[in-house]
Structure formats: C-alpha cells, structure tokens
Amino acid sequence: MEWYLPITIMPGIGMLIFSTTNQMLSISSEVGTLLSVECTEFQHHIASLKIKQIKRLTYAGTLLYSSAGFYVLSGIFGVFATINTNMPEILLILGTLQLFLALILLVIFFL
C-alpha cells in the first residue's frame, strides 16, 4: 500500500500545474500587448514587473512538474521494491519539499 499515497496527490498537483500555466499564459499575453505598442516609462516598468511574475510562475511550474515526477517514481518504487528499501519514502519526501517550495513561490506571486 506504499504506492497509494503519492498517486492520490497527483490530481491536486495537476490542478496546480493547470492553474499556474493559465496564469503564465495570461500574463504573457498581457506583456505582449503592453510591449506591442509605444509604451510610456510606467508601462515599461509594469511590463518588467510582469516578466518577473512570469519567471516566478515558471520556477513554480518546474517545481510542480518535478514533484509530480518524484511522486510517480515513489509510487513505482513502492510497488516494485522487492527488498526493504527507503527509496519510496525518500522520493516522497523530495517531492513534498519541491511541492512546498512551489507553493511558497505561488504565495509570493499572489502577494
């Protein structure tokens, strides 16, 4: 039953990835429209801040994808581990740490 826990978390991570990707696309199109016309210094400043937001979202998305990968590997090792090894637990902890870092970046993004 060690494989069951990491697999049940996957739909939640998928929704976070979907939401993060939608936010990135929305901000990217907003920056594109800001920079497509002649912009003032203030609009240029806003565009640079939006680019920083996209960067944070990209880091968060990368962490979410890698945490999903660690959860999947943890589940696979949990099913197929024939010897008594701690590999599924280690992968689960690594995935959880990456998920936590991604959530911190998302909280910073929304502040």
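The values are calculated or read from the model by the stated rules, or taken from the named source; none is laboratory data. All of these numbers come straight from a predicted model, not from anything done at the bench. Cβ sites come from the backbone with ideal geometry, for glycine too, and all protein chains shown count toward neighbours. Quick note on the areas: whole protein, heavy atoms, side chains included, nothing else; ligands and nucleic acids left out. Shrake-Rupley method; radii C 1.70, N 1.55, O 1.52, S 1.80 Å.
Side notes on the structure shown:
- Of all residues in region 55-111, those being within 21 Å of LEU16 (Cβ to Cβ) and part of a loop (DSSP other than H, G, I, E, B) number 1.
- Some residue of region 37-44 being surrounded by 15 or more Cβ atoms within 10 Å (Cβ to Cβ) and either more than 24 Å from THR96 (Cβ to Cβ) or of a type in the set (A, V, I, L, M, F, W, C) (or both): no
- A search for C-beta distances below 9 Å between a residue of region 72-91 that is open to solvent by 80 Å² or more (accessible area, probe 1.4 Å) and any residue that is assigned to a loop (DSSP other than H, G, I, E, B) and at pLDDT 80 or above, counting only pairs 6+ apart in sequence or on different chains, returns nothing.
- The combined condition, being free of Cβ contacts under 8 Å to residues at least 60 places away in the same chain and more than 30 Å from LEU94 (Cα to Cα), is fulfilled by SER36.
- Which numbered condition VAL31 fails, given (1) open to solvent by 50 Å² or more (accessible area, probe 1.4 Å); (2) in contact with a Lys or Arg (Cβ under 8 Å, 6 or more places away or on another chain): (1)
- For the residues LEU49, LEU57, the requirement of being without any contact (Cβ under 8 Å) to a residue 24 or more places away in the chain and on the phi < 0 side of the Ramachandran plot singles out LEU49.
- Cβ pairs under 7 Å, 6+ apart, first in region 14-27 and over 20 Å from ALA47 (Cβ atoms) and hydrophobic (A, V, I, L, M, F, W, C), second surrounded by 12 or more Cβ atoms within 10 Å (Cβ to Cβ) and at pLDDT 90 or above: LEU16/LEU64; ILE17/GLY61; ILE17/LEU64; ILE17/TYR65
- Residues of region 45-54 include none that is surrounded by fewer than 12 Cβ atoms within 10 Å (Cβ to Cβ), part of a loop (DSSP other than H, G, I, E, B) and not aliphatic (A, V, I, L, M).
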